Amino acid sequence: MADLVLGLAKSAVEGTLTATKSAIEEEQKLKKSMQRDLHAASDEMLKTQVREVRNMALDVEDCIEFAVLVDVNKIRRWWWSCLIPSCMPAGAPVVTLNDTRNERYMHIGDATGGSKPAENDKTHQQAVADEAATVILKEAREAKRPDSPRDLVELINRKDDVGPLQVISVWGAAGDLGVASIIKKTCDHPKICSKFTCRAWVKLTQPFNPHEFLRSLMAQFYTNSPPQEGRPVDMLKQMDDMMAMEATQLTEEFLKQVTDHRCLIFLEDVSSMVAWEAVRLCLPDKKNGSCIVVHTQQLEVASLVVGESHGVLELEQFSAGHSVCAFFNEGEDKEMAIKKNNTKEWLRKNRLIDRRADKDWLSGSYPKVQTVFGMAGVGKSYIVRHVYYSEVIKDNTTFEKFGWVDITHPLNIRDFSWNLLLDLHSGSLQRACHQLLKKFTCLIVIDGLKSKEEWDSIKSALAFEHDDNGSCIIVIAYEESVAKYCSSDNWWGVEGLEIDEAFELFKNEASECPGSIWPSELSLTDNLIVKSVLHKCGGLPKVIVPMAKYIATNGWYPNLDYFMQLLETDQAFGSLKDLFSWVHSYFQSCPDDLKPCIFYLSIFPANNRIRRRRLVRRWIAEGYSNDTRESTAEEKGGEFFEDLCRRNMVHVPGSTNVSYVTRMSACQVNGFIREYIVSVEENLVFALEGNCSANSQRSGRHLTIGSTWDRDMSVYRSIDLSLLRSLTVFGKWEPSFISNDKVRLVRVLDLEDATSSSVTDGDLELIVKLLPRLNLRQLQTLDIRHTSIVKLPRSFTKLHKLQHISGGNTVTMDDYSSIVESPQPPAPLPEVASASSSKTPRLQLPRLWALHGQRLPTSSPNGGIELPRGIGKMMALYNISVIDISIASRRRPAAILEELKGLTQLRKFGVSGVNSENCKQLCSAIPGHPHLESSSVWFDKNQGGCLGDISPPPVQLKSLKLHGHVGKLPTWIGLLSNLRKLKLRLTMITQDDVDLMVLSRLSTLCLGFSEVQHGELRFCGDGMWCFRQLLILEIACNNKLKSVAFESSVMPWLEVLKIDCSNVSSLKFSGLQKQKDLREASLSGTYDDKVWQQLKSNLDEHHREIKPVLKPASPSGR
């Protein structure tokens, strides 16, 4: 009796707590709903006004800038009265703010007041319930098998006569229609009557009274007992006696009945788990084959009362949307067998195209929490589902239970727990989830996490943090910051498919979809068209798959000019609605100062590789990134670039699972993101592609001339170029592009991707002649690398605002993600000539000759340029590279280096032609630059030089690059406490040189050599202070290198190891398993297969739970 009272008290307390928690959750939902309504109202109303203000601001800026370019000494003042009206567009009708303020407030009030949070919440709950009901009906109808029970009678009788108490729940998908008739028919069935001598059908009343409940059951037992002689009289007497019983006597009599007889009890209208728990305390399990049938209108209750491993049986179907279903405990073994069969069928129908590195990382091992992130549609869930299902069907899996839950937004912990339990087949929400994680070894996938707050709520509800039983939770998030918050060590970024992988997926889907008319073999033209379409898909499988089916079933290719419109409007792409919703909200969440940089990306084609420095300099020229008290414009632009990488707006070629600081030299615009940008900002960038027709309405501030444009100059002349800010040319260059007199406000002329053979010396001279109208006096950056220019004229010393000079055709080492090669590194991709200003024009001079298979006509044997006299007066210079001081030494010994001593603001300094004759002068010139942060030195061939005489050393150096025959590394390198990047391409390297590189802040180390002492590289030192911040190690070697060894505690933060081989037949590695943060290793070049196997076995012994990924070499590299 005490247990009964305690149970009732417990039920009452739980009911109170549940009601309180529901009230709190409802209040939070009301608050969030109000915030959403306010945001939506203000966003829609202000969007048009903001666009008008922005356009007006740009027009005013154009006028001011145009006015600045006017030489007031030669033009009379009356020009000013003509100038401004000619620049300003016709004004829009003036709208007085006071006249419309009340109307705006009224709209906002309607928007916020008109929305009814409570009704919205109910609507949301009803939508969730309808969705769950649809899933259950589908499951019940798909689960029908020949040996399945046909009705409730067979379901009840399927159990043995002697066994534990059986619980079955009955639920109607769209109401109670038909439920009563099914129960009545079952209760009166002869098989039921013969098997269960005690039968009762009781409707629960509120509040629940256990004594009245027991009396009702006893009355039903007597009424439905088998007929006997004198039964009416005996039954009435027993009823009178029962009604007169005290509570204790009634309980004892009830216990006697359920112990001596097999009972069948129908409970009608069980509305909550609290009510069920209260009833359940009154119904003990005597293990005699009794059965309880629970009728409820709540799907959640119907599932939870049954317990673990439930099945669903459709008892009767009244319509497509309404059926009466029964939930029953199916037994764990049978449930798991069904789950495995369904899983195998899914894996058979859904193949994973490539994605080897992603799958290897996820399935390597299972820590407590591991996270996967990436933009929507990139295939995160698809990859994880393959790994998850592979574990489900594995015979020797370590997991006992498997659960997958998709998060709904806003997050509701009760809904989350309910959905998780539906997949785990258990039952009592958060407490049950926690108990399952504690009791069983579970593999759980949480898909769709959006914020750190959501993770905190889930972690608190599941309370798994201190459990250590081998369970694993895989979290699928959109943002890197959220993924790293969930698991700081075990995270992985999923990126879009490369073009070849995307093409393979496209062909697979197109050939296998129903009704496909896709040809077995494609022509060359079809291949090119398909790849053009795939570039716009951005490597997103979610876009590629429906596009493949659309083309295969319709038999034609989409018009690429209306690509985004097709995806948004055609029913074949209805599955992309959530993707568009995500992209829109993602753009809205970006900081305001980042949005111009995002829209600027549409200038570049989707498949075009963009150098980081090129993009940042363009942002500076456009005024998107400016100097502040805290940082320079270039530093601010670098932060913008990092932010775009983190937000997946751009794709960074290379590793997908390492820190962004280690791989930011170049990027590519995601094709889908680019198309979306073009669709929302139609008048910002306009491009000439294919066969364009003349259109006087075509205008914009940024013009892109594509490589496919037919160069019809009548079209070009019809364009209004008066407001043009940038001109970017891909493919063939035409001199007439820049000769247009209307091009006066251009800040950027970018010819980096122009066909080198189409740009001549004459074109360069023409550009220089036209520069005065672009206000060359404001020029800040001059980049003439990989051109025929080897000497700057003396007139350049008049450019007092010039900050950056880059020239020559030396081997560049700026791209620290590239592998150094040995003994002579190949020429890299040419970097373009550029000039930039935060508020003034920027010039991009072309590369005039290609570097592949052609020779630059230069008189400099060392690939540098010669500077004119007077260079020391250009006090604004920050960057000079690369100067050939061997020429200066022959003509004006030490004079040029003496002039450079006066440029005390230099941050970057590059020299070539260093030899024994000029090395001493160079060593005396470097200490005079206290702000020097980057230095590159090329030594003459076969003329070793020594930098050991530099005193004091440039302690502010962050980057040092040495190339050629150095002889011996200077000892002062070990004193460079601020050095972040060290790149050496040497003829010989010794162990003493390696020991000298032990720097506490070094993050990137690149070693290239043709000879190595003793054939071994050994990284050693005193504990974790040795290379303690090194993230990337790159080694370019030949067959002279035999082994690479890492001693204990060296390079504790190493993330990436890259080995570039040149005819390497044998190379051993040792100590890699101790690099706790190592995430990726790669082999490239030419090497024997046993080199790959040796490195792979070393990585497999790694101490981390998730093993480092060994990237496969290209076929040409093996």
Query raised in the report: Largest first, how would Met988, Met245, Met1051, Met336 line up by accessible area (1.4 Å probe)?
Result: Met988, Met336, Met245, Met1051
**Report entry** Area of Leu922 that stays accessible when all protein chains are in place (1.4 Å probe, Å², to 10)
**Finding:** 0 Å²
Requested in this report: Measure up Lys595/Lys1107; Lys791/Lys1058; Lys159/Lys203; Lys349/Lys577; Lys968/Lys1090; Lys31/Lys595 against 31 Å on the Cα-Cα distance and list the ones that go over.
Outcome: Lys595/Lys1107; Lys791/Lys1058; Lys968/Lys1090
Query raised in the report: Once the other residues with Cβ under 12 Å from the Cβ of Val445 are scored (Lys, Arg +1; Asp, Glu -1), what is the net sum?
Result: -2
**Report entry** Cβ charges +1 (Lys, Arg) and -1 (Asp, Glu), total dipole of segment 1058-1103, debye
**Finding:** 140 debye
Query - 20 Å Cα-Cα reach of Lys438 towards lysines, excluding residues that sit fewer than 8 places from it in its own chain - result: Lys368, Lys401, Lys459
Report summary line: Highest mean packing first, using Cβ neighbours within 10 angstrom, the peptides 395-406, 924-935 sort as 924-935, 395-406
Report summary line: XL table Lys195/Lys287; Lys339/Lys542; Lys29/Lys138; Lys958/Lys1111; Lys450/Lys484; Cα-Cα > 19 Å flagged, in table order, is Lys339/Lys542; Lys29/Lys138; Lys958/Lys1111
Requested in this report: Send over the per residue convex hull volume for segment 169-216, Cα only, as a whole number of Å³.
Outcome: 103 Å³
Query raised in the report: How much of Leu566 can a 1.4 Å solvent probe reach, expressed as accessible area in Å² and rounded to 10?
Result: 30 Å²
Report summary line: With every protein chain in place, the accessible area of Asp593 for a 1.4 Å probe, in Å² rounded to the nearest 10, comes to 80 Å²
Query - segment 319-329 - phi-based ³J(HN,Hα) in whole Hz, Karplus 6.51/-1.76/1.60, Gly and Pro as x - result: 7, 4, x, 9, 9, 9, 10, 10, 9, 8, 7
Requested in this report: Note down the relative contact order for segment 931-1082 as a percent, whole number, built from C-alpha pairs under 8 angstrom at least six residues apart.
Outcome: 16 percent
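The values are calculated or read from the model by the stated rules, or taken from the named source; none is laboratory data. For clarity, every value in this text was computed on a predicted model and none was experimentally measured. Cβ atoms come from the backbone with ideal geometry, glycine included; neighbour counts cover every protein chain shown. Heads up: the accessible areas ignore ligands, DNA and RNA and are worked out on the full protein's heavy atoms, side chains in. Shrake-Rupley method; radii C 1.70, N 1.55, O 1.52, S 1.80 Å.
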